1. If the convex hull of the alpha-carbon atoms of segment A:1-79 is projected onto planes in all directions, what is the mean projected area in square nanometres?
2. For peptide A:274-287, what's the mean number of Cβ atoms from other chains within 10 Å of each residue's Cβ?
3. Only Cα pairs under 8 Å and at least 6 apart count here; give the relative contact order of chain A as a rounded whole percent.
4. Given the peptides A:69-77, B:13-21, A:216-224, A:4-12, arrange them by the average over their residues of other C-beta atoms within 10 Å, most packed first.
5. Measure up A:K137/B:K47; A:K138/B:K51; A:K365/A:K393; A:K188/B:K47 against 24 Å on the Cα-Cα distance and list the ones that go over.
6. Please report the net charge: other residues with Cβ closer than 12 Å to the Cβ of A:R314, K and R +1, D and E -1.
7. Per-residue Cβ counts within 10 Å, from other chains only, averaged over A:176-187: what number is that?
8. Explain nothing, just the number: dipole magnitude of the protein assembly as shown about its Cα centre with +1 on each Lys and Arg Cβ and -1 on each Asp and Glu Cβ, in debye rounded to the nearest 20.
Amino acid sequence: MPVITVTQINRYIGSILKNDRNIQGVMVRGEISNYVKHFRSGHVYFTLKDSESAIKAVMFANSVSRLKFEPEDGMSVIVSGSIGVYERDGAYQLYVNDIIPDGAGAAGIALEQLKKKLQKEGIFDKAHKRSIPPMPKKIGAVTSLSGAAVRDIINVLSRRYPLGELYVVNALVQGEAAANSVCRGILKAEAAGCEIIIVGRGGGSSEDLSVFNTEKVAYAIYNCKVPVISAVGHETDVTIADLAADLRAPTPSAAAELAAPDIALLYEKLSGIERHMEKAVLTFFDKSVDRFTTLNARLLAQSPEKRLKLTDERLLMLETRSKTAFLRYIDRIERDLAEKAAKLDSLSPLKVLSRGYSLVYNEEKLISSSESLENGDIIRIIFGNGGADAEIKDKW
Amino acid sequence: MKEKATFEDNMNELGRIVSELEKGDIPLEKAVQLYGEGVKLTAACRKQLDKAKIKITEDGGEAENE
């Protein structure tokens, strides 16, 4: 008989388990105990047990991160996973992919499946979400007329948005017939001309939310022609109606607040418009005044008075210039004349006589040589000052 | 003043007046006229808000029969 090692035997058993379809991909019901989360790796270790037996289980961090709740000791759950061998310890254990609380039972599992299906069908797509009209004239509410939700909605809208009309469609929110009732209510509110519809119910966590987790209601919300606000009034559970709605409100009161603006904002908006108009019209006036001022200045510049004045000034200037030119001309002539006169004066014979020379005339003839004289002639001598007649005695 | 116009109608009209005023290429007389209309409309809107009272219609639906 051949001798084999511990590792070999554990590995062999592991391969046998892995190939057994009965224990691969199983769902096991049990209660969680000794639940430990390894703080560094994030892996989770626990024991799953029932009244008679127990099995070790491990769930790796990446699967743990997908869980929508935190498992605890004592919790009844259904885990899905496969059986395998942990070779180091020679122990077989359950390798867990998912944990579903058993309290919700089959309904819980079905709900998860429905969510996945609708998700695939695009019912929850963000692209399909419509925006809320800013000032709806008619707001629909599909809920129970006897419930707290309708009173909350009426209170909020009376206080915040009394401008509109609230159209309440009574609908069953509990029991077998609820889904159809809610669907018909949505259609009625839509047909009545509501611009936005609130669908929901009031109440706490203990109340039955199943109607808001039905495929019918999800489709009714998805197919509604106007935006829908869900108001299921449940803080922890997100229903399918919440996912399908265009907007999710935690309570009916919150839904009413989301459905319409606050009247205080409308008053503010009005004041804003008033200020805006005032500013616009004042700016307009300012601009007009500016234009008037500019045009007026240009007009005045073209007035006949102004033009006359301008012509006057030019005339005056021309006159002054011509006067100056004329005066300069006269001045030049005068100076010219004086110069000439002075020259003339220096050439005058009288000037020569004054220096001691004399002029001698014989019968009106100026004598410049003794040849034209005979003894006995009477000559006239003219001095610089005065004159005398004389007789030639001896010419030479 | 149009009594039948809803608050929203009046607000839309106000929006039109403001944008017209802001254009600035309209005659002064028209601007004054628009401003006058705007003031009247804001007063009407305020009155509508003051007087507003929610109207509630209840539709019993088939729920009553079940």
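1. 7.6 nm²
2. Partner-chain Cβ atoms within 10 Å, mean over residues of A:274-287: 6.
3. 9 percent
4. The peptides rank, most packed first, as A:216-224, B:13-21, A:69-77, A:4-12.
5. Those over the limit are A:K188/B:K47.
6. Summing Lys and Arg as +1 and Asp and Glu as -1 gives 0.
7. Averaged over the peptide's residues, the number is 2.
8. 420 debye
Bear in mind that the values in this text are calculations on the coordinates, not laboratory data. Given the structure is predicted, the values throughout are model-derived calculations rather than measurements. When we count neighbours, we look across all protein chains shown, and the Cβ atoms used for this are built from the backbone with ideal geometry, even at glycine.
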